[in-house]
Amino acid sequence: MLQRTWSYLLYLYGALIGALSPCAPPEPLLLSGLDRRQFPRQYLGTWHFIAAAAGTPGALQTFASTDSAVFHMGQGPPPQRLPLRAALRLKSGGCLDRSWVYLLHEGNTHLATEGRPGMRTKLFSSQCPDAIIVQESDRDYQRLLLYSRTPNPAEGCIEDFKDRAYCLDMEELLLVPRRQETCQLQGS
């Protein structure tokens, strides 16, 4: 009886703290129920890299020399393979092309990355209709990334991203400057 009362009080305390907390971490987009033959079309196509957040500055170091970046997510064959191409504009003015493949595995709630067995990528919803939040984690880091269909999303989108990152204890923020023209994607 005492244990049940204690458990009930702890539950009420947790519910009260949750109700008073302004934090709303991003809502994951479930990949486990997707039809593997048809990755949702809303995630395919061109995305602009807007911001990154992490718990430590080192997790964002890879983006420190980036001025802008544009990505293209494709699909297929086979349909469980999602090729991603990137054109990165460096602050120095040069362009870098990158590509990798995400893999959809039955029963997983994340995307795997071909050739990187420790890397996990999860997709999250955003308050902005033309934006998506991506969480990357590997052995050495965990970070959130904000992508948008447009290179200059509304200020509210960035604030929403900051709030959601803060809820996940990711207080280090990097906004991609986007001061130079974006590089052209290969094959575009």
Selection from region 149-164 of residues that are surrounded by 20 or more Cβ atoms within 10 Å (Cβ to Cβ) and either of a type in the set (Phe, Trp, Tyr) or within 21 Å of Ser65 (Cβ to Cβ) (or both): Phe161
Of (1) within 11 Å of Ala52 (Cβ to Cβ); (2) surrounded by 16 or more Cβ atoms within 10 Å (Cβ to Cβ); (3) out of contact with any Phe, Trp or Tyr (no Cβ under 9 Å at 6 or more places or on another chain), Glu172 satisfies every one except (2)
With the requirement that a residue be assigned to a strand (DSSP E or B) and among the small types (Gly, Ala, Ser), what does region 109-119 give you? Ala112, Gly118
Could you count how many residues in region 76-95 are farther than 16 Å from Leu123 by Cα, without any contact (Cβ under 8 Å) to a residue 40 or more places away in the chain and either of a type in the set (A, V, I, L, M, F, W, C) or touching a helix residue (DSSP H, G or I) at 6+ places or on another chain (Cβ under 9 Å) (or both)? 1
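Being closer than 26 Å to Gln186 by Cα and in contact with a His (Cβ under 9 Å, 6 or more places away or on another chain) is the requirement here; does Thr121 meet it? If you could, list the steps in order and put the result at the bottom.
Values: closer than 26 Å to Gln186 by Cα: yes; in contact with a His (Cβ under 9 Å, 6 or more places away or on another chain): yes.
The answer is yes for Thr121.
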List the strands (runs of 3 or more DSSP E) inside region 120-188, counting only whole elements, that have at least 2 residues being under 20 Å from Pro83 (Cβ atoms) and without any contact (Cβ under 8 Å) to a residue 40 or more places away in the chain. 131-137
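Quick note: the coordinates plus some simple rules give every number you see, no bench work behind them. All figures in this text were calculated on a predicted structure; none of them were measured in a lab. All Cβ positions, glycine included, derive from the backbone under ideal geometry; neighbour counts span all protein chains shown.
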